[in-house]
Each structure stands twice: as structure tokens, then as C-alpha cells.
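Chemist: First the structure, which I've put down as C-alpha cells, then a few questions once you've had a look.
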Amino acid sequence: MKKIPYLLLCLAIIAHAAILPLKFSGNHSIDDRTLYSVVGLKKPYFFEFWKSTPKIDETKVGPLLEVIERYYRSRGFYHAKASFARQKKSIVIKIDENVPIIVEDIATISPIPIRDLIPFGTGDRFDPMKFVESKKKIRERYAQRGYCNVELRAKAFVDIEKNLAYLVYDVTPHKLCRFGDITVQTPKDVDKEIIKSMLYFKEGEIYSTQKIKDSYKEIYANEGIDHATIDDTMRKGDKVPVHVSVSVRPKPIHFSAGAGISSDEGINLQAGVRHRNFMGNLKTVGIQVKYSQIKEHIRLSGKMPLPHHYTKGLFAGLKKEKFDGYDARSLFAKTNIIHKVIKHSWEAALLYDDTTTSKSRDPINFSNGKLRLFSLLAGWNLDRRDSILEPTRGYRLHAEITGALKELLSDASYYKMRLSASWHKPIEQSVVSTRLKIGTLKSLQGQIPPSYRFYAGGMNSNRAYGYRQLGPENDYGDPIGSYSIIEGSVEYRYPLPANFKGVLFSDVTWLSQEAKPSFSNATIAVGPGIRYITPIGPLAIDIGFDASRFSQYAIHFHIGELF
């Protein structure tokens, strides 16, 4: 009978408990999104406006406090305490972070440099998670340089009373390792030699995990691959046998569709279908349709991997584009060979372009009519960025030249050259990014389509102007394009609270009506931007102002970083 009041009290507590929105306070060093994830909840992104703040049953909050405290300890806050209180419309978990552990000293003993892999300096907060990650990176660096067996003695001595940490990294590598026997397993419709030629290592070469990573990238670059495994775990002393196995997609036919919007082209719609293993050996054929407010195209494509890191391609289609002052319609075809070696790729191609210019009211700058060009193309690309959508370090270089001769079935002799480069450097939690673009176009004999000229302005150009709105104009106010262009940009990208990032940028553009670039007149844009980080890349808005005339400005929006 004595237990009845206790049971009634428990029932009353349960009945009184409610499921309420969960909030955090006092968490200055760890953001809300991370803490929601720690307790098994997900905070909606700002564009998920239909979702509310995560909720939790009040009776389940108590056990989560220890979970949060353990997480804080794993991030260097050994004295953190968590408590909670129920308010009228929410449950608030209050966190007292207290004094963190500070790195007092770092000692390294290593035959190769590793200091840049250690994410601490003296005076920084000690983070056990980053400490564990640094050990993985050190092993990885040694493995990249051929040392598959190393003795790593990394210790963190923590003085809880003084809140200090002393770190020691002691590395002793064993003998250099080499690749052993290489075996390849493939489905019946994929030649083993095709897969083997995609590997960047051979038997007897010095072992390197980077070569394995590069091989993975090349294999997965083929759309028909469903799964690939490069097993290097069967090590025998300093010999590393490798077994490679791949499987193809069980459903090779793939349909795709998408929609988007940008300040340059407005609404974008696209749809397509591809067969990703057409008649075996990972050949891809497909058709794609794209539509925007100023561009339309339909394209047929085919790609075939060849031995020794070569790929053969064939493309053909029809495209239409609206320019200020005229329309351009092109029937095009392209056949190319691409040779890729790790970060480098070379391209050689033959292009056919039958372009019709119409609806022009300016016969001097935009001559109506049809022009046919058979052009040769040579290109080179080097990409050492750490990410395509959101790069924080590394660089990219690209060079391309095309040209045609009137004597070889073309209506004109010309050449067009384009060079571009970008560079990214992290500075603490911020990133400095730069970009340079150079282009030159020369008509040697006959006429070339006006759509071949360089047009400036827009989110990928000078952001103080709208798309293709910068440069000389005709009597009707239509941009006529230029025959040479030099553009440079610099951005400072810095973190803001709640998955936002800020950007300060400047763009500079030089245009000339001659093939030789000129530095006589510069148009400089300055402005701010903001990014919201999402799983598909940053959602971005930039506002650019002409530095010499602030009344001239433009607003640009896009997904992903511009360079």
C-alpha cells in the first residue's frame, strides 16, 4: 500500500510531461546543429520552412545531458556541465562550457615533415577528436610515400588541474613497401584490361595510397560502374598484393531531370536519358535537353573508355541562344580524345559548327546569315582543388585553343585562345580565393559568328553588371562583344553563425576590340556576398557595385562557389 502514492506520483509526472521544442543556451564553441545531431535530432535548414524546431519528450532529456557532457569532453571541454529547464513553450538545455584544455607544448619526432598535419598550435584549445584525426593523417602521409608499416606513438598528456595538454608525435617508419601481384575481377561484359589500364600503379612500383585513391577516381568516373573495391589489406611484409573488383549497374538506363535558377540565365530546366554500359565495356550513350530563358539545346553524346587512361567521345546537337541584338542557332558536332593522368587531362578534338545569325537590326556588328566552321581544338587542364563545389585550398589551371582555316572547308580562318586559373588559400577559418581569365580572338580571313566574341558581365564575370551587359555597345544599346578580355577576381570568404558564410569580393575587367589585350580601361567591381551551406553546395547571393560609379550595380544568385 505504501507504493501506491509513489506510483500515483510517477503517473502524474508522466501525464504532465510533454513533447516540446528543444533549444540550447550557453554553447558558444559548438553550434546548435552539431548538438542536435549529438542527441539524435536534425535541425532544419533555413529553406526547409515547412519544418519546425526539433522536439523532444521531457522525460528523455535527463539521460541526454551526460551524452552532451561526454561530447564536450571529446572536444576539449573536460569541465563542461549540462542541465535543463522546462519553459512555457520549450525545453532549454543549458551548457556551462567552463575552461577548456589548452595545448601547452607539441613535440614531433619524424623523418618526414608532419607539423602541417597537426591541427594545433601552442595556446589552442585541445580537441581529442582532432588529435585522433591527426594520427590518421600522419599514417596516410607515410603511406602516400611508400611506408605501409610505421610505428606511430602519439600521446596527449592532459593536466586536468592546470587545464593543459602536452602532445608528443613519435614516428618510426619501416622498410619502403612495393606493390605486389595485381589481380582484376570484372563482369563478363567488361574487359579486364580496360579496368587494369585505369589503375595508376603497377607491380613492383613503390606503394602509395594516393595512387590507389587516384585509381578509384578514374574507375568511378565511368558512369556504368556501380561498385569498385581496391583491396590492399593482404600485405606480406614490404609487399602489397592488390585485388581489384568492379561491378556494373544492374539498371544501366538512367533518367534524369532537374530545375534551377540563376541571375544569368533565369529558370533552368533539363532532362535526359543515358545508357551507362551500352554494349559493354562501359560505353555511355545518351540524349539531353536543356532549356533556360536565353538558351536551349538538345545534345546526343557517346563516350568510350580506352586503354592507358584515354577516353573517346562523340557529341552532336542543336542549340539556340538569345543575345541582345540578335539570335544564334547552331548545328554542332564534336569528336575528341581525352588523356587523363591523375590531376592532368589533355584534349584533342575536331569541331563542326554551322551557325545561323538572325533577327539582327545591326548588319555591321551582327551580320545575318549562315557560317560554317571546321575547327581543331587542343586543351589542357590541371585541377588540384580539394572540392569542386566549395574549394578551400589548391588551384586549377586550364588552357584551350581552337582555330580553323578557310582552305579546309570553313568560311573563315581564325584562332581563339582561352586561359584561366584559380587559387584558394585557407587562413584559419576563412579562405582567400583568386581567379584570372584571359581570352583572345582573331579573324584572319572571312567572318566568324558574333557569338564567338567575348562578352563580359554577370556572376561569372564582372559582378557590377548584368549578364553580358559590360562593354562597348552599338547605336541600339546592344553589347557588341570584344576580341580580347582579361578578368581577375579576389574573394575573402569568412564564416558566420548558423551555417552562413560572408564574402567580400572585387572583380576587374579589361576589354579590347583588338586581339591583343589592352590595359587602358579597367572596370572594377566591389561588393559583398552571403552563402548558406547546404548538402548540394552553397546557396549564394552577391551584390556588385562599379567602384567608379556606385549607382551601377547588379545582384547575382547561384548555387556553388563561382571558382
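The values are calculated or read from the model by the stated rules, or taken from the named source; none is laboratory data. Worth saying up front: this structure is predicted, and the values here are computed from it rather than measured. All Cβ positions, glycine included, derive from the backbone under ideal geometry; neighbour counts span all protein chains shown.
Chemist: Among the residues of segment 168-177, are any at pLDDT 95 or above, of a type outside the set (S, T, N, Q), more than 30 Å from Phe120 (Cα to Cα) and buried (at least 18 other Cβ atoms within 10 Å of the Cβ)?
Modeler: yes
Chemist: Okay, moving on. For Ile533, which of the numbered conditions (1) in contact (Cβ under 8 Å) with a residue 60 or more places away in the chain; (2) touching a strand residue (DSSP E or B) at 6+ places or on another chain (Cβ under 6 Å); (3) surrounded by fewer than 20 Cβ atoms within 10 Å (Cβ to Cβ) fails to hold?
Modeler: (2)
Chemist: Right, something else. Free of Cβ contacts under 8 Å to residues at least 60 places away in the same chain, of a type in the set (S, T, N, Q) and surrounded by 13 or more Cβ atoms within 10 Å (Cβ to Cβ): is that true of Ser215 in this structure?
Modeler: Yes; evaluated as a whole, the condition is true for this residue.
Chemist: For segment 78-110, which positions are in contact with a Leu (Cβ under 8 Å, 6 or more places away or on another chain) and free of Cβ contacts under 8 Å to residues at least 40 places away in the same chain?
Modeler: Listed by number, the residues that qualify are Ala82, Ser83, Phe84.
Chemist: Can you name the residue in segment 125-135 that is out of contact with any Gly (no Cβ under 8 Å at 6 or more places or on another chain) and either among the hydroxyl-bearing types (Ser, Thr, Tyr) or more than 12 Å from Tyr169 (Cα to Cα) (or both) and, of all such residues, is surrounded by the most Cβ atoms within 10 Å (Cβ to Cβ)?
Modeler: Ser134
Chemist: Hey, another quick one. Any idea how many residues of segment 415-442 are of a type outside the set (Val, Ile, Thr) and without any contact (Cβ under 8 Å) to a residue 40 or more places away in the chain?
Modeler: Count: 12.
For (1) basic (Lys, Arg); (2) closer than 29 Å to Leu539 by Cβ; (3) buried (at least 17 other Cβ atoms within 10 Å of the Cβ), each residue gets a yes or a no:
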| site | (1), (2), (3) |
| --- | --- |
| Ser256 | no, yes, no |
| Ala259 | no, yes, no |
| Lys283 | yes, no, yes |
| Lys290 | yes, yes, yes |
| Leu300 | no, no, no |
| His308 | no, no, no |
| Phe323 | no, yes, yes |
| Tyr326 | no, no, yes |
| Leu331 | no, no, no |
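Chemist: Do you know which of the residues in segment 238-254 that are among the hydrophobic types (A, V, I, L, M, F, W, C) and surrounded by 16 or more Cβ atoms within 10 Å (Cβ to Cβ) is nearest to Asn222 (Cα to Cα)?
Modeler: Selected residue: Val248.
Chemist: Further question on the same structure: Quick check on Tyr147: is it crowded, with 19+ Cβ neighbours inside 10 Å, over 30 Å from Arg249 (Cα atoms) and not hydrophobic (A, V, I, L, M, F, W, C)?
Modeler: Yes: the conditions hold for Tyr147.
Chemist: Here's a follow-up. Restricting attention to segment 536-558, which residues are within 21 Å of Phe47 (Cβ to Cβ) and touching a strand residue (DSSP E or B) at 6+ places or on another chain (Cβ under 6 Å)?
Modeler: Gly537, Pro538, Leu539, Ala540, Ile541, Asp542, Ile543, Ile555, His556, Phe557, His558, listed by residue number.
Chemist: Is at least one residue of segment 462-484 of a type in the set (Lys, Arg), within 28 Å of Leu397 (Cβ to Cβ) and touching a Ser or Thr at 6+ places or on another chain (Cβ under 9 Å)?
Modeler: Checked segment 462-484: at least one residue is of a type in the set (Lys, Arg), within 28 Å of Leu397 (Cβ to Cβ) and touching a Ser or Thr at 6+ places or on another chain (Cβ under 9 Å).
Chemist: Can you confirm whether segment 425-444 contains a residue that is charged (D, E, K, R), at pLDDT 95 or above, buried (at least 21 other Cβ atoms within 10 Å of the Cβ) and out of contact with any Asp or Glu (no Cβ under 8 Å at 6 or more places or on another chain)?
Modeler: No: zero hits.
Chemist: Let me ask something additional. What tally of residues in segment 544-562 results from selecting those that are assigned to a strand (DSSP E or B) and without any contact (Cβ under 8 Å) to a residue 40 or more places away in the chain?
Modeler: 3
Chemist: Of all residues in segment 343-356, how many are surrounded by fewer than 17 Cβ atoms within 10 Å (Cβ to Cβ) and either at positive phi or small (Gly, Ala, Ser) (or both)?
Modeler: Matching residues across segment 343-356 total 1.
Chemist: Yes or no: Ile448 more than 20 Å from Asp546 (Cβ to Cβ), of a type in the set (A, V, I, L, M) and crowded, with 21+ Cβ neighbours inside 10 Å?
Modeler: Against the criterion (more than 20 Å from Asp546 (Cβ to Cβ), of a type in the set (A, V, I, L, M) and crowded, with 21+ Cβ neighbours inside 10 Å), Ile448 qualifies.
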